[in-house]
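Q: Got a structure here, written out as C-alpha cells. Questions coming.
The values are calculated or read from the model by the stated rules, or taken from the named source; none is laboratory data. Keep in mind that this is a model prediction, so the values were computed, not measured. For neighbour counting, all protein chains shown are included, and Cβ atoms are generated from backbone atoms with ideal geometry for every residue, glycine included. Heavy atoms of the whole protein, side chains included, go into the accessibility calculation; ligands, DNA and RNA do not. Shrake-Rupley method; radii C 1.70, N 1.55, O 1.52, S 1.80 Å.
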Amino acid sequence: MTFPRIAVDAMGGDEGVRVMVEGAAIARRAHADFKFLLVGDQQRIENALESHPGMRGASEILHCDDVISGDEQPSKAIRRAKTTSMGLAVNAVKQGDAGAAVSAGNTGALMAMSKIALRTMPGIDRPALAALLPTLEPHDVVMLDLGANTEADARNLVQFAIMGAAYSRIVNGFERPKVRLLNIGTEEIKGTDALRDAAARLTEAKGLALEFDGFVESDKINRGETHVVVTDGFSGNIALKAIEGSARFVTDLLKQAFTSSLRSKIGFLVSKPATELLKHHLDPNNHNGAVFLGLNGVVVKSHGSATAKGVAHAVNVAARLLENNLTQRITSDLAELGEDALRKNGSGSDT
C-alpha cells in the first residue's frame, strides 16, 4: 500500500534543519513506506541529508528560505503563508501533495494557517489541539483542547470528545476509550452550564465508539483512570502547563537532592535504574506531537525544543494517523451521533 507523503517544515523549531531531518530519518525506520517533502533552505537540507543517505531516495526538497519566527503574530504570519516553510508545508496538504504536515514552529501561526488552508471537517465547528500525556498506566492519556479555543460550548465539547476518542483508538488501541470532561469536581452538579450540558448529551448519546465516564479533576489526569480528557482551550492549556511544570519541578528537585552530599551521590548510584525510568517517563520528547483535530487534513505540532527523538515521535504520530485514516474515523463517528444529538433537545441551540 502506498501512503501519502509527509511534509516536514524543516526550518521550524529551536534546532532547525539538522534535528528536523534527523527526526524524520528516525521515524522512517518504523514507517519505511512513507516518503517526505522537506520544506526549507535547500542547501541546508542537503547538508543534513548527508548524514542520512537512506532518506535521499525517500525525500523531495521544496526550497524556501523564509521562516515564521517564534514570536510572530498569527495575523501577520498568515499573510506570508505562500512564502514561508510552515505555510508551504501546510499548503502541500491542501493541494494533495502530502497527507500530513509536521512543524516545530510557532503554534499560533501553524493553527491559523491550517484553519484557513484546510478548513474544518463537515460536522465540526472548531478544530482542537490534542496531545498525549504520560500516566501511571502503560497507556498515555489524550487531552484536548490545549489552546486552540479559549472558550467552548456544550456542542464543541461533544465534538472534542468524539475527535479525542477517535485519536485514542488509533494511538492507544482502545475500542471504546473512556472519556471524561475536566471539571472542578466529579459531582453532577459541579461545573459550568456548558460542562453539565455536554455531559448530559454524551450520557444520552447512543452508538458512539466511546464510553463517557463523567467528570475528572485535574489532579487525576495522569492517573491513567481515563483515556481521553476533554476541556476548553483556556483550562486545558493551564492544566497542561501545570503538569509540565510539576514534572520539571520533580526532576530538578531530585537532581538537587542527589547532588547535595557524598552520601546522596552514593544513593543516586544505587537508585539510578529507578531514576532513569522516571526520567524516561517524564521526558517530553517521548510524548511529543500535538495534533490539530477536526481539519480536512493532518497537521502535527512538535515542541520547538524537541530533540531528534522528539521530532521522530511527532512524525510517527502523523504516520499513524494517516495509516489509520483519522479523518474518516471522525466523520463516521459524527454520523453515528447524528446532528440532533449535538443540539439540546433537538432545538439546534445551546440556549
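Q: Just want to confirm a number: the relative contact order over segment 45-179, from Cα pairs under 8 angstrom separated by 6+ residues, in percent.
A: Computed value for segment 45-179: 14 percent relative contact order.
Q: Under the rule of at least 5 residues apart or a separate chain, name every residue whose amide H is placed under 5 Å from the amide H of Lys178.
A: Glu211, His227, Val228
Q: Where the accessible area of the chain is counted over protein heavy atoms with a 1.4 Å probe, how much of it, in %, is carbon and sulfur?
A: 51
Q: Considering only Leu37, Phe3, Met55, whose Cα is most displaced toward the positive end of the charge dipole of segment 3-57, charges sitting on Cβ of Lys, Arg (+1) and Asp, Glu (-1)?
A: The Cα lying farthest towards the positive end belongs to Phe3.
Q: Follow-up. Please report, to two decimal places, log10 I(q)/I(0) for the chain at q = 0.12, 0.13 Å⁻¹ as given by the Debye formula with identical point scatterers on the Cα atoms and no solvent.
A: The computed values of log10 I(q)/I(0) come out as -0.87, -1.00.
Q: If you take the charge dipole of segment 1-150 about its Cα centre, with +1 on Lys and Arg Cβ and -1 on Asp and Glu Cβ, which of Gly23, Ser69, Gly87 is farthest toward its positive end?
A: Value: Gly87.
Q: Charges at C-beta only: +1 for Lys and Arg, -1 for Asp and Glu. How large is the resulting dipole of segment 94-231 about its Cα centre, in Debye rounded to 20?
A: For segment 94-231, the charge dipole is close to 400 debye.
Q: Here's something else I'd like to know. Give the residue list of trypsin sites (Lys or Arg not before Pro) in segment 188-229 that are DSSP loop and have at most 12 other beta-carbon atoms within 10 angstrom.
A: Lys206
Q: Convert each backbone phi in segment 140-151 into a coupling constant with the Karplus relation 6.51 cos²θ - 1.76 cosθ + 1.60 (shift: θ = phi - 60°), then list the ³J(HN,Hα) values in order as whole Hz, x for Gly and Pro.
A: For segment 140-151, the Karplus-derived couplings read 7, 10, 8, 10, 7, 8, 10, x, 6, 9, 5, 10 Hz, x marking Gly and Pro.
Q: If r is the Cβ-Cβ distance from Thr331 to Ala58 and R0 is 35 Å, what FRET efficiency results, to the nearest 0.05?
A: FRET efficiency, Thr331 to Ala58: 0.75.
Q: Can you say what percent of the DSSP beta bridges in the chain, counting only those with both residues inside, are antiparallel? Round to 5.
A: 25
Q: Here's another thing I want to ask about it. Could you give the length gained on full extension between Arg79 and Leu253, defined as 0.36 nm per residue of separation minus the Cα-Cα distance, in nm?
A: That works out to 58.2 nm of additional length.
Q: Please list 3J(HN,Hα) in residue order for segment 171-178, calculated via the Karplus relation 6.51 cos²θ - 1.76 cosθ + 1.60 where θ = phi - 60°; whole Hz, with x for glycine and proline.
A: 7, 10, x, 7, 6, 10, x, 7
Q: Please sort 167-173, 19-25 by packing, taking for each peptide the average over its residues of neighbouring beta carbons within 10 angstrom, highest first.
A: 19-25, 167-173
Q: Assigning unit charges at the beta carbon (Lys, Arg +1; Asp, Glu -1) and nothing else, what dipole magnitude in debye, to the nearest 20, does the chain show about its Cα centre?
A: Rounded to the nearest 20 debye, it is 600 debye.
Q: So which trypsin sites (Lys or Arg not before Pro) in segment 1-72 pass both tests, a DSSP loop state and at most 10 other Cβ atoms within 10 Å of the Cβ?
A: Passing both the DSSP loop test and the Cβ count: Arg29.
Q: Going by a ≥ b ≥ c, the root eigenvalues of the Cα gyration tensor, does segment 1-123 fall in the rounded group (a/c under 1.5), the prolate group (a/b larger than b/c) or the oblate group?
A: oblate
Q: Then there's this: Given a Förster distance of 35 angstrom, what is the FRET efficiency for Arg29 paired with Lys190, based on the Cβ-Cβ distance and rounded to 0.05?
A: Calculated transfer efficiency: 0.15.
Q: Let me ask you something else. What's the magnitude of the charge dipole for segment 1-103 around its Cα centre, counting Lys and Arg as +1 and Asp and Glu as -1 at the beta-carbon? Answer in Debye, nearest 20.
A: 340
Q: Here's something else I'd like to know. Quote the convex hull volume per residue of segment 97-176, based on C-alpha atoms, as a whole number of Å³.
A: So the per-residue hull volume is 139 Å³.
Q: Skip the ligands, DNA and RNA, and give the accessible area per residue of the chain with a 1.4 Å probe, whole Å².
A: Each residue of the chain exposes 47 Å² on average to a 1.4 Å probe.
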